[in-house]
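Notes follow the structure.
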Amino acid sequence: MSLIRLAYASEATFDAQPVEKGVEPHVARILLTSRKNNARANLVGGLYYGNNRFFQYLEGEENEVRKTFGRIKEDDRHRNIMTLIEEPIEARTFSDWSMKYVPLSADVRRFLERHGLDSFNPQAFSSEQCEEMIQLIRDSKQGQKLVNHDETVTAPSRKPSGFSPALRFGLIAAAVCLVGALIYAGSLL
Ligand code: FAD
């Protein structure tokens, strides 16, 4: 079995929608399909999305990587797909991720600043910059707060607190009394 790794950059064809739960909705759908398919094909890797551009990295058995990339290239949700890395590897470097998702976050912005880049444009990355991006995917933590493209940290959504159990009981009791009173009043008429 021969293993390969593949990285590419592309441009999204959709207009970015407001972030929901830390992820742009089109990207969320792509992730859902990717995680299902990649887990089945034993592929690991990560996806960056920012400035309406993608950077994706995949590792796995050569046939599976090529088959998946074949489908990805046909997808009209992105265009100008540019292969940045495609080469054999000895072993996987991602242990348990079928498709890690890292939004354009603080660490990516620091990376852009370090390289004097004013926007996320992976199609223009040098090979060193690609390797650095891959390392960023590896290092990013699953549990980290998701950050939207404006770097506004999306706080974990809290359920509205609603009524306390005691208040709820009181309201139900009052409603039952009211209904009872109405029935009694009705019977007197
Ligand atoms: P299907 O059952 O054919 O579709 C899965 C879902 O995606 C459905 O809800 C369907 O409505 C929706 N969908 C498919 N194509 C479109 C479209 N053109 N526009 C809107 N919705 C659509 N697939 C992987 O398996 N692994 C990956 O790592 C991966 N990475 C991707 C990265 C990017 C940037 C993009 C754009 C796509 C990626 N995809 C990936 C998706 C891939 O292009 C195929 O859509 C997918 O592999 C089809 O798999 P399926 O036949 O199981 O899904």
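A short reminder: the numbers here are calculations on the coordinates, not readings from a lab. This structure is a prediction, so every number in the text was calculated from the model and none was measured. Quick reminder, even Gly has a Cβ in these numbers, built from the backbone with ideal geometry, and neighbours come from all protein chains shown.
Before moving on, here are some points about what is shown:
- Segment 1-56: C-alpha gyration tensor shape, a/c 1.5 cut-off, then a/b vs b/c: oblate
- Peptides 71-83, 14-26, 49-61, 172-184 ordered by average Cβ neighbours within 10 Å, highest first: 49-61, 14-26, 71-83, 172-184
- Theoretical FRET efficiency, 1/(1+(r/R0)^6), r = Cβ-Cβ of GLU20 and GLU86, R0 30 Å, to 0.05: 0.35
- Compactness of segment 58-147 as Cα Rg over 2.2 N^0.38 Å, two decimals: 1.17
- Computed across segment 1-136, the Kirkwood hydrodynamic radius from all distinct Cα-Cα pairs reaches 15.1 Å.
- Cα gyration tensor, segment 43-85 - rounded (a/c under 1.5), prolate or oblate: oblate
- Gain on full extension, evaluated as 0.36 nm per residue between GLN135 and PHE111 minus their Cα-Cα distance, stands at 7.5 nm.
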